[in-house]
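Undergrad: Sending over a structure as structure tokens; questions will come in a sec.
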Amino acid sequence: SKPAEVSPEQHLTLLNESFSDPNVKQALYDRTLAAAKNPTNKGRNMGFTIKELEQMTPDQLATEFLNMQDRNVKAGYFMSTNGIGYDCFDNTTGERLAKCKDSVPYKNLDELFTAAGAVVTPTTPKIRGLQQASYIGYRDLLKDRDDGKLDEGLANTLKPFNIKDR
């Protein structure tokens with residue numbers, strides 16, 4: 001989800017500016033809630049209930065989304081500049097895999113996030129789940145933009161962003 005050839009700092013500044021707009025926060029919240037209620041998105045325990053999400057404000061959800069983006073952008077840049085692949089870490093636990101023991105000095109993703117200067121991994125399943133759900137909301141928001149389903153102002157604010165599969 002990064003604009004072409006910008007530094008991690010520029011990318012995060014752009015995200016923080018765009019997601020300070022109350023209309024963007026509300027749109028993210030609406031898409032996240034819809035995604036959480038969609039049974040096809042529930043492959044596992046989300047870590048939170050729909051009621052807990054409904055009790056959050058769009059501001060609170062946007063903060064969790066931005067914390068996750070801070071971590072992902074900084075860690076992604078750090079990993080690419082240090083030749084470390086996500087395939088060196090267990091997808092569920094975040095622990096370093098044996099095959100990378102000699103090439104990667106970080107025992108787990110938390111150590112890597114700290115080295116990258118990023119916000120650490122959420123400590124509760126609830127926050128982790130909310131952050132993951134907000135990313136699905138973000139993905140759906142950009143899809144609506146690309147499908148011409150957003151008003152022009154919102155579409156323009158979100159114009160610099162795209163989803164990149166890693």
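The values are calculated or read from the model by the stated rules, or taken from the named source; none is laboratory data. Predicted, not measured: the structure shown is a model, and the values here were computed from it. Reconstructed Cβ throughout: ideal geometry from the backbone, glycine too, with neighbour counts over all protein chains shown. Protein only, heavy atoms only, side chains kept; ligands, DNA and RNA dropped before computing areas. Shrake-Rupley method; radii C 1.70, N 1.55, O 1.52, S 1.80 Å.
Undergrad: With +1 assigned to the C-beta of every Lys and Arg and -1 to the C-beta of every Asp and Glu, and no other charges, what is the dipole magnitude of the chain about the Cα centre in debye, to the nearest 20?
TA: 520
Undergrad: Is there a pair in K51/K149; K74/K107; K51/K126 whose C-alpha atoms are over 21 Å apart, and which pairs would that be?
TA: K51/K149
Undergrad: Pick out, from A27, I136, L109, the residue whose Cα sits farthest towards the positive end of the charge dipole of the chain, with +1 on the Cβ of Lys and Arg and -1 on the Cβ of Asp and Glu.
TA: Towards the positive end, the residue furthest out is L109.
Undergrad: Hey, another quick one. According to a simple spin-label model (label point 7 Å from Cα along Cα-to-Cβ), what is the distance in nm between D147 and S7?
TA: So the label points at S7 and D147 sit 3.8 nm apart.
Undergrad: Further question: Can you tell me the FRET efficiency between T93 and T57 if r is taken as the Cβ-Cβ distance and R0 is 30 Å, rounded to the nearest 0.05?
TA: Efficiency, rounded to the nearest 0.05: 0.40.
Undergrad: Based on the mean of other Cβ atoms within 10 Å per residue, sort peptides 66-72, 46-52 so the most packed one is first.
TA: Going from most to least packed, we get 66-72, 46-52.
Undergrad: Report the Cα centroid-to-centroid distance between the range 111-140 and the range 13-41 in angstrom, as an integer.
TA: Centre-to-centre (Cα) distance: 15 Å.
Undergrad: If you average the sequence gap of Cα pairs under 8 Å that are 6 or more apart and divide by the length of the chain, what percent do you get for the contact order?
TA: 36
Undergrad: Taking all protein chains as present, what is the carbon and sulfur share of the accessible area of the chain, in % to the nearest whole number, probe 1.4 Å?
TA: Carbon with sulfur: 49 percent of the solvent-accessible area.
Undergrad: Hey, what's the range 55-117 come to in accessible area per residue, 1.4 Å probe, Å²?
TA: Using a 1.4 Å probe on heavy atoms only, each residue of the range 55-117 averages 55 Å².
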